[in-house]
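One structure is given here, and the rest of the page talks about it.
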Amino acid sequence: MAGTYPLAIMSSINEGEVVFTPIKYLSSAHAVTLYGRFVYGSGGGQLFANIETSLDSGSTWIPIACFAFTTINSSKAFNLSGLKDQISPIPIGALSGDEAISGILGDWIRARVVADADYVNSTLDLRMTAR
Amino acid sequence: MTLAEECIAELDNALAEAGSDAVLRRFFGTGPNQTWVDVTLRVAERAPTEDELVAGYSQNDMFIVTSPTQLINAQFPGGQPVGSKPAWLPKAGTGADKLFIFDQQRQIELVDPIKVDNTVVRINLKLKG
């Protein structure tokens with residue numbers, strides 16, 4: 001269903017990986033705009049916010065975008081279309097920081113956040129508009 | 001249609017006809033790092049009755065009836081860490097959600113979800129003005 005959905009909001013970011021529950025029932029969405037806003041406090045090092053989609057109700061996940069944040073305030077956005085042709089197969093695998101692939105859009109989308117150190121008083125806000 | 005689905009459909013129809021829009025806001029973080037998630041609800045509101053005022057309610061208090069439909073459709077409050085407790089019902093008490101109704105921000109004091117056969121079919125809220 002079209003609309004704007006929070007994918008992940010973290011006001012406490014610790015070292016390690018946090019997987020978030022997916023936003024579901026997006027079968028009518030042809031495109032998504034992804035927005036990542038990071039407000040830095042202190043600590044930390046590198047933070048990767050991976051956006052993943054699933055075509056099999058969450059059994060397997062395909063990375064479609066990856067926001068990279070460090071130790072400064074930063075806001076970034078991607079726009080991904082599910083209608084873009086991909087006539088050469090795209091290898092499924094981890095994306096590097098600030099990288100995305102367009103044309104692959106399932107009906108479930110989730111966030112997976114990986115931090116290499118504890119952040120203090122920092123906030124990560126990941127949102128998506130599907131349309 | 002189950003009894004719970006019937007109850008929700010009837011409430012949704014009544015709120016669509018005679019209700020008002022209100023925005024439920026959930027906050028995350030504190031101070032300059034605070035952010036929030038909004039969802040627009042359809043609500044019916046009323047002020048305390050004379051008896052309730054005598055019983056200690058204030059004229060600024062407000063009673064709200066809303067439906068789970070908009071909360072569920074919006075998948076409120078979005079992605080949550082896997083394994084955490086589902087938190088789509090409005091929150092009262094410490095770190096409570098706020099409800100914006102008639103351009104006024106009000107604090108949620110009490111959340112009373114009404115269930116039929118384990119399904120929330122209606123949510124009663126008490127607000128402080």
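Being surrounded by 15 or more Cβ atoms within 10 Å (Cβ to Cβ), over 10 Å from the mean Cα position of the chain (by Cα), hydrophobic (A, V, I, L, M, F, W, C) and within 14 Å of chain A (Cβ to nearest Cβ) is true for just one of B:Ala96, B:Ala74. Which residue is that?
B:Ala74
Restricting attention to segment A:1-23, which residues are within 12 Å of A:Asp118 (Cβ to Cβ), out of contact with any strand residue (DSSP E or B) (no Cβ under 6 Å at 6 or more places or on another chain) and either in a loop (DSSP other than H, G, I, E, B) or modelled with pLDDT under 95 (or both)?
Result: A:Ser12, A:Asn14.
Residue by residue, here is whether (1) modelled with pLDDT of 95 or more; (2) in a loop (DSSP other than H, G, I, E, B); (3) within 13 Å of chain B (Cβ to nearest Cβ); (4) in contact with a Leu (Cβ under 7 Å, 6 or more places away or on another chain) holds:
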| position | (1), (2), (3), (4) |
| --- | --- |
| A:Tyr25 | no, yes, yes, no |
| A:Asp85 | no, yes, no, no |
| A:Leu95 | no, yes, no, no |
| A:Val113 | yes, no, yes, yes |
| A:Ala117 | yes, yes, no, no |
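Report every pair of residues separated by at least 6 positions or lying on different chains whose Cβ atoms are under 6 Å apart, first residue within segment A:51-74 and under 19 Å from A:Thr129 (Cα atoms), second at pLDDT 95 or above and of a type in the set (Ser, Thr, Tyr).
Within 6 Å, the pairs are A:Ile62/A:Thr53; A:Ile64/A:Thr53.
Can you confirm whether A:Ala68 is surrounded by 15 or more Cβ atoms within 10 Å (Cβ to Cβ), away from chain B (no Cβ under 14 Å) and either of a type in the set (A, V, I, L, M, F, W, C) or in a strand (DSSP E or B) (or both)?
yes
Is it the case that segment A:103-112 has a residue that's within 11 Å of the chain's Cα centre (by Cα), under 21 Å from A:Glu15 (Cβ atoms) and of a type in the set (Lys, Arg)?
Scanning segment A:103-112 turns up at least one residue that is within 11 Å of the chain's Cα centre (by Cα), under 21 Å from A:Glu15 (Cβ atoms) and of a type in the set (Lys, Arg).
Scan B:Leu41, B:Leu24 and give me the residue that is more than 14 Å from chain A (Cβ to nearest Cβ), closer than 22 Å to A:Met1 by Cα, surrounded by 14 or more Cβ atoms within 10 Å (Cβ to Cβ) and at pLDDT 95 or above.
The unique qualifying residue is B:Leu41.
Tally time: how many residues in segment A:84-98 are over 19 Å from the mean Cα position of the chain (by Cα) and exposed (fewer than 10 other Cβ atoms within 10 Å of the Cβ)?
Going through segment A:84-98 one residue at a time, the tally reaches 4.
Return a yes/no flag: does segment B:2-17 have any residue that is surrounded by fewer than 12 Cβ atoms within 10 Å (Cβ to Cβ), away from every other protein chain (no Cβ under 14 Å) and in contact (Cβ under 8 Å) with a residue 60 or more places away in the chain.
For segment B:2-17, residues surrounded by fewer than 12 Cβ atoms within 10 Å (Cβ to Cβ), away from every other protein chain (no Cβ under 14 Å) and in contact (Cβ under 8 Å) with a residue 60 or more places away in the chain: present.
Specify which of the listed residues (B:Leu71, B:Leu99) is in contact (Cβ under 8 Å) with a residue 12 or more places away in the chain and over 30 Å from A:Glu17 (Cβ atoms).
So the residue among B:Leu71, B:Leu99 that is in contact (Cβ under 8 Å) with a residue 12 or more places away in the chain and over 30 Å from A:Glu17 (Cβ atoms) is B:Leu99.
Filter segment B:86-118 down to residues that are at pLDDT 90 or above, among the aromatic types (Phe, Trp, Tyr) and over 14 Å from B:Arg26 (Cα atoms), then give me how many there are.
0
Consider A:Asp125 against the criteria (1) assigned to a loop (DSSP other than H, G, I, E, B); (2) within 19 Å of A:Ser12 (Cα to Cα): it satisfies all of them except one. Which criterion is unmet?
Result: A:Asp125 fails condition (1) only.
Take the residues of segment A:11-23 that are at the interface with another protein chain (Cβ under 8 Å from one of its Cβ atoms) and within 16 Å of the chain's Cα centre (by Cα): which is surrounded by the fewest Cβ atoms within 10 Å (Cβ to Cβ)?
A:Val19
The values are calculated or read from the model by the stated rules, or taken from the named source; none is laboratory data. All of these numbers come straight from a predicted model, not from anything done at the bench. With ideal geometry, Cβ positions are generated from the backbone for all residues, glycine too; neighbour counts draw on all protein chains shown.
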